[in-house]
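For reference, the structure is listed below as structure tokens.
Values in this text are rule-based calculations from the coordinates and carry no lab data. Everything numeric in this text was worked out from a predicted model, so none of it was measured. Cβ: placed from backbone, ideal geometry, glycine included. Neighbour counts: every protein chain shown.
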Amino acid sequence: MSDQTESTSIIIVDDTPANLTLLGEMLREKGFKVRPFPRGRLALTAAANDPPSLILLDINMPEMDGYEVCERLKSDPRLSEIPVIFISSLNETLDKVKAFQKGGVDYIIKPFQLEEVNARVDTHLQLRRFQKELRQRNQTLEETLSRLRAMQAQLVQSEKMASLGVLTAGIAHEINNPVNFINASAKGLCDALRDIMTVVKRYDELTPDSVSEQLETINRLKGELGFNELLEGVAELSSNIYTGVQRTSDIVKGLRTFSRFDQVGKISVDLHEGIDSTLMILRHRYEGSINIEKHYGKLPRIVCHPGKLNQTFMNLLVNAIDAINSKKTAFDSETIRIETQYINDSDPCRAVISFSDTGPGIPKEAMDRLFDPFFTTKDVGRGTGLGLSISLGIVENHGGILTAECEPGRGSTFRISIPVSGTES
Ligand SMILES: Nc1ncnc2c1ncn2[C@@H]1O[C@H](COP(=O)(O)OP(=O)(O)O)[C@@H](O)[C@H]1O
Ligand SMILES: [Mg+2]
């Protein structure tokens, strides 16, 4: 007797005591726990108290017939899944059809052969077990799927946050200089204007008598304050403020060019502007340690999602900077070379943008997994491993290809090639 059989309980409902005895004995012999009942109502109470694995149900019975018993079982969500096998002497097709309509899984005609009952009980118990198992597996799968979805959303979010971090750090750094500059100039300008106003006020207060004496006092004051230098200073400080404001406005413009993330649909842009705005945002990460070499070709305006492509430029540039910074010994000659090229003898014409760095290159075994989501060689918290897979998605969405090349010990090159159909020159 298997463990499963031991824990399997079967309810038999039949108003003929001989049938109850016969079926009960056979099933008990097989090791099942059997509960026999001569009336439907009793069986329903017993099933509700301790749901069985299967029910053998007679149809013709006093008080409540088998159809009604079955109907009640099926309307109770806790009992509705228990397989019900009808055993009846009713031999009309209509009776059988009705039995199935009421929710029965099988129909055995009396007088029954024990072997037949046996075989059918086994089949339905097994079916029920499979069903339960399937449902459980399904539930586990659904749980795993929703866990994976949540994890993916979290990781995509952390990649977004990482990009946002680079962006905000870049802007803060860029804007800090001109803002400090404007601040200092504005303070100088205020001081100078205050002194100038003192002199102007004196002129305003001139009275008709003893004008020359009053003018002499004013001239003395002007000498003490260095009036002429003050006037020159005002011009210089104002021009400084203008330059600072101009610089800030350029940065804001660059930022706007960079983050056309919200742009719905494609627009026609100059990709060089996008690369330059990205470089502006990343300046604090490379300035002073890495040379940026730009070899821009003549690109036509390209219809694309500029915000998305800029995100790709940023991912590739950050990776190149990280790669160079990961070298144990850095040289003065560390360089990121950005090259753009228009290929107009292919169909369709293509724009090719490549980023080459003097980093350590990419080991062969990493090369195959580079674009896999979550593949990273960076420390936890530093890399999400999503940059390249997201970039690949963006480039492919533009109908393009993104490839990586590496000569061991000689750095890496990432190359974007996008078709330039529907361009505006
Ligand atoms: N320019 C590069 N030079 C060397 N290795 C690179 C370069 N770009 C990417 N890689 C490798 O590819 C991995 C995946 O990059 P990416 O998808 O951007 O994720 P992350 O930068 O978060 O690690 C990096 O961890 C690094 O090992
Ligand atoms: Mg990256």
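Numerical summary
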{"read-out": "Estimated dipole of the chain in Debye, rounded to 20 [Cβ of Lys and Arg +1, of Asp and Glu -1, Cα centre]", "value": "680"}
{"read-out": "Choice from Pro360, Pro208, Pro408 showing the highest fluctuation, given a GNM over the chain with Cα pairs closer than 10 Å", "value": "Pro208"}
{"read-out": "Options Ala172, Thr340, Asn138, ranked by Cα towards positive dipole end of the chain, top entry (Cβ charges)", "value": "Asn138"}
{"read-out": "Dimensions (Å) - the chain, Cα atoms, principal axes, largest first", "value": "140, 68, 46"}
{"read-out": "Coarse-grained scattering of region 259-425 at q = 0.09, 0.15, 0.19 Å⁻¹, given as base-10 log I(q)/I(0) from a Debye sum over alpha-carbon atoms", "value": "-0.29, -0.83, -1.32"}
{"read-out": "In Hz, Karplus ³J(HN,Hα) per residue of region 245-260 (6.51, -1.76, 1.60; θ = phi - 60°; x = Gly, Pro)", "value": "5, 4, 4, 4, 5, 4, 5, 4, 5, x, 5, 5, 4, 5, 9, 8"}
{"read-out": "Full-extension gain in nm, Gln113 to Lys74, via 0.36 nm per residue minus C-alpha separation", "value": "11.3 nm"}
{"read-out": "Segment Ala48-Ala18, length gained on full extension (0.36 nm per residue, minus Cα span)", "value": "8.3 nm"}
{"read-out": "Coil-residue chymotrypsin sites (Phe, Trp or Tyr not before Pro) of region 283-351, DSSP, other Cβ within 10 Å capped at 11", "value": "Phe331"}
{"read-out": "Pairwise FRET efficiency - Ser238 versus Arg382, Cβ, R0 = 41 Å, nearest 0.05", "value": "0.35"}
{"read-out": "Net charge over other residues, Cβ less than 12 angstrom from the Cβ of Thr384 (K, R count +1; D, E count -1)", "value": "+1"}
{"read-out": "About the Cα centre, charge dipole magnitude for region 259-425 (Lys/Arg +1, Asp/Glu -1 at Cβ), debye", "value": "220"}
{"read-out": "Full-stretch length increase - Leu145, Ile175 - with 0.36 nm per residue and alpha-carbon distance subtracted", "value": "6.4 nm"}
{"read-out": "Protection proxy ranking of 45-58, 102-115 - average other beta-carbon atoms within 10 Å, highest first", "value": "45-58, 102-115"}
{"read-out": "Rounded FRET efficiency, nearest 0.05, which uses the C-beta distance separating Thr168 from Asp191 and R0 of 41 Å", "value": "0.75"}
